[in-house]
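The values are calculated or read from the model by the stated rules, or taken from the named source; none is laboratory data. Since the model is a prediction, treat every value here as computed from it, not as a measurement. Note: ideal-geometry Cβ built from the backbone for every residue, glycine included; neighbour counts use all protein chains shown.
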Amino acid sequence: MKDTRHPHPHIDPRQPRNNHRPRTNPPVFAWKPRRGQRDFHLQVARDPNFTNCIIDRPHLTDPLHLPEQALPPGTYWWRWIAKSEHSQTFTFAIDSDAVTLEIPPAAVWLELLPDKHPRIYLNADRIAVLRDAPPPQWPMLRQEAKTQLQQAHEIAEPEFLPPRDDEYAAFWKIWYPTMWGTRRFVKGAETLALAWLLSGDERFGRAACQRMASIAQWDPEGSSHIDHNDEAHMSVIWHGSHVCDWVWDLFTSEERAQVIEQFRRRGQITFEHMHDLGHYGIDRFDSHSGREIVFLAQLSLVFHQHIPEAATWLEWLRPVLCGLWPSWAGDDGAWAQGPSYGLAYVTIMTMFASALKRGTGIDLYRRPFWQNHAYWRQWCLPPYAEWMGFGDHSERWAATWNNNADLVDLIGRETESGEFSTYIAEFRSIANTLSTPPERQLSGVNAQLLLAPAPIGKPKETAPGQDRLLRVFADTGWAALRSDRTHPERDIAFIFRSSPYGAISHSHANNNDFILHAGGRVLAMPSGYYAGYGSDHHAHWVWHTKSHNCLTLSDASQLMRSPESVGQIAQAQENEHLTYFCGIADSSYQDRATRYRRHVVYLKGLQCFAMIDEFVARENTVSALQWNIHSWSRFTIDEGQHTFSLKRKNASLIGHFLWGGNGFFSLGEGWDPPPMTDKGGDQWPMQYHLRYTPSGLVEKRNLGVILCPGHDHLENAVVQTRREDGVEIAEIGTTELRVFGAGGSDSVAELGVAGARYLIGDQGLIKL
């Protein structure tokens, strides 16, 4: 059968992709079958005719397979068969330097785990060590446990939710406090259980038992069923598995039986929800399923001796957890949905990776993603950042900053890397200056980090190389330019997104978007707030391209809520005078444009940006091109000079438009519609918006803009602009940028810097 699906992994989860070179050996094999297909035959061969099959697996019930043994280096061909129908044949290669990571069957995991409780993160020997030499967090943990001891150890079953689409406000008033209330209750039980492990004080342990016994009275088929309120369901099994494992011997026989039955039913419900619907094995981009798989795995590891079905659950999860994951990421370590949701989901995945490593010795942290994730955070999320990146939930709160520090700290320990200690310390220091909404405050001690191996130090911490200012994370479509990572007060940070992961789930329609910090202050960022998924503000402002630092075409957005709204970052290069990359978002504008590219040049000596937007309309389509930017400060404009400016405390930004003609500015503030105002404790600071619209409805246009940031140690670069023979020219000292009109040339601009000339166009930046 000819495979015609789009290569976006949401639409087609095929792995390995055609002509791909997997970085982990053996690779996982995954595909998306036609509706109703259930019986599969996988073949992997050393030749395209499949005369030498090294993997020949009939009667697979799921469209994925993770071999147990590594493949020899070389070229391979693979296909799958459903009944008599053959898929297209795909090829891939295994390089000799690929990471060998052989994952045995789940039955082997269970044999390797400690025979008695506890078995998650530690065993009885480790408990003795911790009690003899408590970790530095013990005083904080003990105080938090004492606080939890004074609180209620019973919790009522949640109310049923009204229809989300019809009664959003009423839905939110029940769902939001239910989610956070249940989470705090169970996380508090974890804190109490942890305090029991470290102190031996049964008061803490018995209080944790009481909480889990209260939860055990809930009906898993009732108001907290996964299909009705999955956040309530997940709250039970998230930290609850840890609690049960750590206080197992303190349960009464009656409590233990109730807890086992509660987790058996919830485990079966979770398994059926994902397995029968194919949420994660077939379509692994269902956001919440990305958490459910970990919680089910944790539940299975803890209860496998008490719940016979657990072994089946784990074996089904094995290729998903150890082969397919991470879902929203590649080997480069970035997370497509941004640092906020990346923080939540990667942290949750460490729960499984750490439990598996410490309990069995199987080390998923050897995968390239884990080796690179902390670097992505270091480049794309400065500790001083006032805006966290792209995607839902980009607001900065204290708990977020502490959790970022915890995550990088944990990954550093598990990967035995000591080079992020300064980065971690900066997060922890800044966290003390921020505030967190009360409903988001959970117990302050990270149990996983407390029980982790000791930090690995290096004789000398690796200093960030200042000769390299640009790092591109091509798998997920992020780029970061940092002018001075060692001195926040001097740093210019430019974060860019053009992603192959589309505009779905917690991502927005914002390919070729950017965020700009100068001297520790954010000058330009996406606008709007995460005031509830699918709320009016979220759906009609935040998701829309107009709320981002992107182009709109006659007010039209990029494709919204679409996996087809893809982008990529290409042609990145850097020399001693400049950095360059191009964001390609042709597909994102396919309703109106056949081509949309954003060329970005950073001029190192001047510390300013030259940005050229290249637009070509669909046939018989014309649009007004609109250039959008957003900030927490008001914009000042000069219509005659086609410039804008803004100031924020010790930072500033001046923008100069080159292809102005008779273009005009539009200024705005606030949002339409605004975020909800009935979420106690949340603050939505005012945001301001600027739009520049060159005159005319056109089929083609190249629009140039010079962005000149400033801070206490940097004056805004001085720019002179003029027009000659249809060419827009900007002079910045001895540097010259010439932006061509949209004509027959393959090049959109010419740049002269430090005595060298460059063309900017289809081939990127070409030195003449």
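Descriptive notes on the structure:
- In the set 178, 252, 191, only one residue is in the same structural domain as residue 319 (by TED's automatic domain parsing), modelled with pLDDT under 95 and among the β-branched types (Val, Ile, Thr); that residue is 178.
- Counting the residues of segment 647-668 that are crowded, with 21+ Cβ neighbours inside 10 Å and either of a type in the set (Val, Ile, Thr) or under 31 Å from the mean Cα position of the chain (by Cα) (or both) gives 5.
- Test: residue in segment 35-54 that is within 30 Å of the chain's Cα centre (by Cα) and either at pLDDT below 95 or under 26 Å from residue 371 (Cβ atoms) (or both): yes
- Residues of segment 722-731 that turn out to be modelled with pLDDT of 95 or more and surrounded by fewer than 21 Cβ atoms within 10 Å (Cβ to Cβ), as a count: 2
- Residue within segment 604-612 that is among the hydrophobic types (A, V, I, L, M, F, W, C), without any contact (Cβ under 8 Å) to a residue 60 or more places away in the chain and within 27 Å of residue 667 (Cβ to Cβ) present: no
- Restricting segment 68-108 to residues that are free of Cβ contacts under 8 Å to residues at least 60 places away in the same chain and of a type in the set (Phe, Trp, Tyr) leaves a set whose member that is surrounded by the most Cβ atoms within 10 Å (Cβ to Cβ) is 80.
- Boolean, residue 305 is assigned to a helix (DSSP H, G or I) and not assigned by TED's automatic domain parsing to the domain that holds residue 36: no
- Just one of the listed residues (695, 747) is small (Gly, Ala, Ser), within 24 Å of residue 625 (Cβ to Cβ) and in the same structural domain as residue 614 (by TED's automatic domain parsing), namely 695.
- Any chance residue 758 is part of a strand (DSSP E or B), assigned by TED's automatic domain parsing to the domain that holds residue 640 and out of contact with any Pro (no Cβ under 8 Å at 6 or more places or on another chain): no
- Any chance residue 118 is closer than 28 Å to residue 362 by Cα, surrounded by 13 or more Cβ atoms within 10 Å (Cβ to Cβ), over 31 Å from the mean Cα position of the chain (by Cα) and at pLDDT below 95: no
- Restricting 640, 670 to those that are more than 25 Å from residue 498 (Cβ to Cβ), at pLDDT 95 or above and not aromatic (Phe, Trp, Tyr) reduces the list to 670.
- Some residue of segment 153-172 being in a helix (DSSP H, G or I), free of Cβ contacts under 8 Å to residues at least 24 places away in the same chain and either surrounded by fewer than 20 Cβ atoms within 10 Å (Cβ to Cβ) or in the same structural domain as residue 356 (by TED's automatic domain parsing) (or both): yes
- Residue within segment 45-57 that is of a type in the set (D, E, K, R) and surrounded by 15 or more Cβ atoms within 10 Å (Cβ to Cβ) present: yes
A quick yes/no check of all residues on (1) among the aliphatic types (A, V, I, L, M); (2) over 23 Å from residue 760 (Cβ atoms); (3) touching a helix residue (DSSP H, G or I) at 6+ places or on another chain (Cβ under 6 Å):
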| position | (1), (2), (3) |
| --- | --- |
| 517 | no, yes, no |
| 563 | no, yes, no |
| 606 | yes, no, no |
| 609 | no, no, no |
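- Only residues that are out of contact with any Ser or Thr (no Cβ under 6 Å at 6 or more places or on another chain) and part of a loop (DSSP other than H, G, I, E, B) were counted across segment 608-626, and they come to 4.
- Only one of the numbered conditions (1) farther than 30 Å from residue 649 by Cα; (2) touching a Lys or Arg at 6+ places or on another chain (Cβ under 7 Å); (3) not hydrophobic (A, V, I, L, M, F, W, C) is violated by residue 357, and that is (2).
- Tallying residues that are closer than 12 Å to residue 302 by Cβ and surrounded by fewer than 22 Cβ atoms within 10 Å (Cβ to Cβ) within segment 258-274 yields 2.
- Output for segment 372-387, where each listed residue is part of a loop (DSSP other than H, G, I, E, B), surrounded by 21 or more Cβ atoms within 10 Å (Cβ to Cβ) and touching a Gly at 6+ places or on another chain (Cβ under 7 Å): 381
- Among residues of segment 308-325 that are more than 14 Å from residue 292 (Cα to Cα), those with a Cβ under 7 angstrom from a residue that is small (Gly, Ala, Ser) and surrounded by fewer than 20 Cβ atoms within 10 Å (Cβ to Cβ), sequence gap 6+ or separate chain, pair up as 311/107.
- Within the set 214, 235, the sole residue that is closer than 23 Å to residue 156 by Cβ and buried (at least 23 other Cβ atoms within 10 Å of the Cβ) turns out to be 235.
- Enumeration of residues in segment 751-768 that are within 15 Å of residue 598 (Cα to Cα) and either charged (D, E, K, R) or touching a residue at least 60 places away in the same chain (Cβ under 8 Å) (or both): 760, 762, 763, 764, 765
- Restricting segment 55-64 to residues that are among the charged types (D, E, K, R) and over 31 Å from the mean Cα position of the chain (by Cα) leaves a set whose member that is farthest from residue 78 (Cα to Cα) is 57.
- Residues located in segment 694-717, provided they are at pLDDT 95 or above and among the small types (Gly, Ala, Ser): 704, 710, 717
- Looking only at residues in segment 530-568 that are in a helix (DSSP H, G or I) and of a type in the set (D, E, K, R), the one that is farthest from the chain's Cα centre (by Cα) is 536.
- Scanning segment 569-603 for residues that are assigned to a loop (DSSP other than H, G, I, E, B) and touching a Phe, Trp or Tyr at 6+ places or on another chain (Cβ under 7 Å) yields a total of 2.
- Residue 261 under 30 Å from residue 320 (Cα atoms), over 34 Å from the mean Cα position of the chain (by Cα) and in a helix (DSSP H, G or I): yes
- Meets criteria (among the hydrophobic types (A, V, I, L, M, F, W, C) and more than 20 Å from the chain's Cα centre (by Cα)) for residue 314: yes
- Exclusive hit being under 30 Å from residue 537 (Cβ atoms) and either in a helix (DSSP H, G or I) or free of Cβ contacts under 8 Å to residues at least 40 places away in the same chain (or both), set 178, 270, 191: 178
- Segment 562-586, residues that are surrounded by fewer than 23 Cβ atoms within 10 Å (Cβ to Cβ), over 30 Å from residue 490 (Cα atoms) and of a type in the set (S, T, N, Q): 562
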